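The values are calculated or read from the model by the stated rules, or taken from the named source; none is laboratory data. Quantities reported herein were computed from a predicted structural model and do not represent experimental measurements. Using ideal geometry, Cβ is built from the backbone for each residue, glycine included, and neighbour counts are taken over all protein chains shown. When the accessible area is computed, the model is the full protein with side chains, heavy atoms only, and any ligands, DNA or RNA have been set aside. Shrake-Rupley method; radii C 1.70, N 1.55, O 1.52, S 1.80 Å.
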Amino acid sequence: MQPDAFLQMIDQRVLLLDGGLGTLLISMGLEQGRAPEWWVVEHPQRIYQAHRAYVLAGSELIHTSTFGASPGKLASVGLEGRCQEINQAAVYLAREACEPTTLVAGDVGPTGLLLPPLGKATEQEIGQALQEQMEALAQAGVDLFSIETMFDLREARVAVMAASGLGLPVMASMTFESRKRGYFTIMGDKLVPSLTALHQAGAQAVGFNCSVTPDVMTGMVHAARMEIEVPLVAQPNAGQPQVSAEGIRYPASAEEFARHLVEMALDGARLVGGCCGTDPSFIQAALLALEAAELR
Amino acid sequence: MPNNLSELLPQMQQAVLDGDEQEAARLAQLALEQGFAPLDAINRGYLPGIRETGRLWEEGEYFLPELVTAAVAMKAAMAILNPAIEREQDGQAIGTVVLGTIQGDIHDIGKTLVGTLLSANGFSVLDLGCDVPIERFVQEATQIKADLVCASALLTTTMLSQRDLVLAVREAGLKAKVMVGGAPVTQKWADEIGADGFADNAVAAVEVAKGLVVHRAA
């Protein structure tokens with residue numbers, strides 16, 4: 001897909017994305033702490049089923065199961081040297097689950113390489129790691145890239161530049177929290193300047209995912225909308241995870257999630273979906289709510 | 001040349017707040033050369049810097065880079081002051097601690113700071129690092145007859161392993177108390193999994209640890 005065609009598409013309508021993949025796979029039996037990328041090779045059928053469930057629920061864009069599929073991350077979970085294979089297989093599984101018009105976004109998360117003062121990595125090393133993963137995704141035929149859950153603007157910019165260099169559309173989202181003086185990443189990157197920087201680096205759509213509840217993200221959409229005119233992507237969690245001896249629970253209901261997604265779309269977000277704790281029932285509820293609000 | 005400690009203390013605090021590793025180390029060296037008690041330098045100089053760093057984090061003024069560099073500065077000072085403390089204490093630690101970030105989790109900062117502060121307060125600390133398997137906690141605790149096993153977790157997924165750690169320590173028949181901490185960890189969680197201690201920041205962790213070894217001695 002050409003970046004211009006993508007821009008045109010999201011200019012015309014709100015695009016409904018998928019929900020969280022990792023937490024859905026956990027509910028399907030993925031062990032806590034096991035990397036989802038293992039299932040791409042061990043249980044491809046289940047990855048397909050998860051994607052398919054989102055497509056059937058109404059997702060028009062789904063994310064490949066490659067959040068941790070950069071070379072270093074793969075090596076750290078025992079999948080060394082399998083970057084190309086896993087990214088390609090993941091794209092294939094996503095594509096298999098699609099309807100003819102569904103878009104496949106090559107999902108790219110943080111490399112795990114930390115820049116100073118947290119670590120000793122360089123932006124060049126991060127760029128190389130991401131380049132390898134992104135080339136594999138592009139070769140396997142993704143329609144666009146979705147860079148997500150970035151917490152360091154420096155890494156996010158490197159990722160956006162690498163992705164847009166491959167000629168595909170790029171959506172880029174970071175994970176912000178609400179602090180006393182506004183919305184920041186854990187590294188101290190401020191919301192609006194970060195989104196502006198990612199847009200300037202070449203992303204067609206920018207925004208936020210993970211970490212916060214749908215109502216907090218509604219505030220982020222509003223804060224961004226007041227200052228910048230860039231297509232926004234919003235993918236909140238199903239609330240804050242609550243851990244008890246029985247396991248992890250996300251408290252927000254599908255209806256509450258859907259209501260906030262509509263609010264965000266009304267406020268100008270063009271790509272809406274879910275992150276951790278959401279499942280196909282959340283996307284289904286969101287679809288109904290978007291239709292009821294005549295946003296579809 | 002400063003001739004009393006009170007001139008150095010604010011500088012020590014500032015070095016931590018600035019995350020200035022070299023300055024923190026220089027001041028520690030200076031304090032020793034001037035014959036000041038290393039524990040005073042820690043408790044009245046560097047530690048207030050760590051507390052203030054924590055407060056600025058809560059206030060939304062500081063972020064992860066500031067926390068990390070503050071901890072690095074504190075550690076640099078400790079590397080110089082610790083040997084002097086050990087000489088003073090004549091090798092008598094108030095308790096032995098095995099400490100680590102639990103398996104599957106590579107988050108280092110909080111755990112390391114707790115270790116630094118525990119050793120600053122007279123504990124003998126064995127830091128096992130990150131991504132530590134439960135068996136290794138048990139093994140090392142058995143080996144050094146630890147009084148405390150401290151496990152950190154930053155992720156909601158990995159904190160579940162803290163429960164397994166408590167069980168493993170009990171099953172191995174160890175007398176060691178188990179302390180848990182980390183961003184998503186709460187007192188409620190600690191109670192639920194039967195941990196002996198919990199603290200929501202590194203400074204508080206020292207007091208909890210002291211309480212647990214006193215109980216043990218009694």
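Structure summary
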quantity: Matching entry among B:A183, B:A204 (being open to solvent by 60 Å² or more (accessible area, probe 1.4 Å) and of a type in the set (A, V, I, L, M)); calculated: B:A183
quantity: Index of the failed condition, B:T96 passing every other in (1) crowded, with 17+ Cβ neighbours inside 10 Å; (2) within 26 Å of A:G119 (Cβ to Cβ); calculated: (2)
quantity: Residue within region A:278-294 that is in contact with a Ser or Thr (Cβ under 9 Å, 6 or more places away or on another chain), open to solvent by less than 20 Å² (accessible area, probe 1.4 Å), more than 14 Å from chain B (Cβ to nearest Cβ) and under 18 Å from A:E148 (Cα atoms) present; calculated: yes
quantity: Region B:134-175: number of residues that are more than 14 Å from chain A (Cβ to nearest Cβ), exposed (fewer than 15 other Cβ atoms within 10 Å of the Cβ) and in a helix (DSSP H, G or I); calculated: 5
quantity: Any hit, region B:78-91, residues being within 14 Å of chain A (Cβ to nearest Cβ) and open to solvent by 30 Å² or more (accessible area, probe 1.4 Å); calculated: no
quantity: Helices (runs of 4 or more DSSP H) contained in region A:212-296 and holding at least 2 residues polar (S, T, N, Q); calculated: A:280-292
quantity: B:L67 in a helix (DSSP H, G or I) and at pLDDT below 95; calculated: yes
quantity: Any hit, region B:189-198, residues being away from chain A (no Cβ under 14 Å) and either in contact with a Gly (Cβ under 7 Å, 6 or more places away or on another chain) or open to solvent by less than 20 Å² (accessible area, probe 1.4 Å) (or both); calculated: yes
quantity: Only one of B:L118, B:L165 that is under 30 Å from A:S27 (Cβ atoms) and either in contact (Cβ under 8 Å) with a residue 40 or more places away in the chain or of a type in the set (D, E, K, R) (or both); calculated: B:L165
quantity: Residue match in region B:42-53 (condition: over 17 Å from the mean Cα position of the chain (by Cα), surrounded by 20 or more Cβ atoms within 10 Å (Cβ to Cβ), at pLDDT 90 or above and closer than 26 Å to A:G112 by Cα); calculated: no
quantity: Unique match (being open to solvent by 10 Å² or more (accessible area, probe 1.4 Å) and either touching a Pro at 6+ places or on another chain (Cβ under 7 Å) or free of Cβ contacts under 8 Å to residues at least 40 places away in the same chain (or both)) among A:H43, A:H63; calculated: A:H43
quantity: Wholly within region A:137-199, strands (runs of 3 or more DSSP E) carrying at least 3 residues that are more than 14 Å from every other protein chain (Cβ to nearest Cβ); calculated: A:144-150, A:170-174
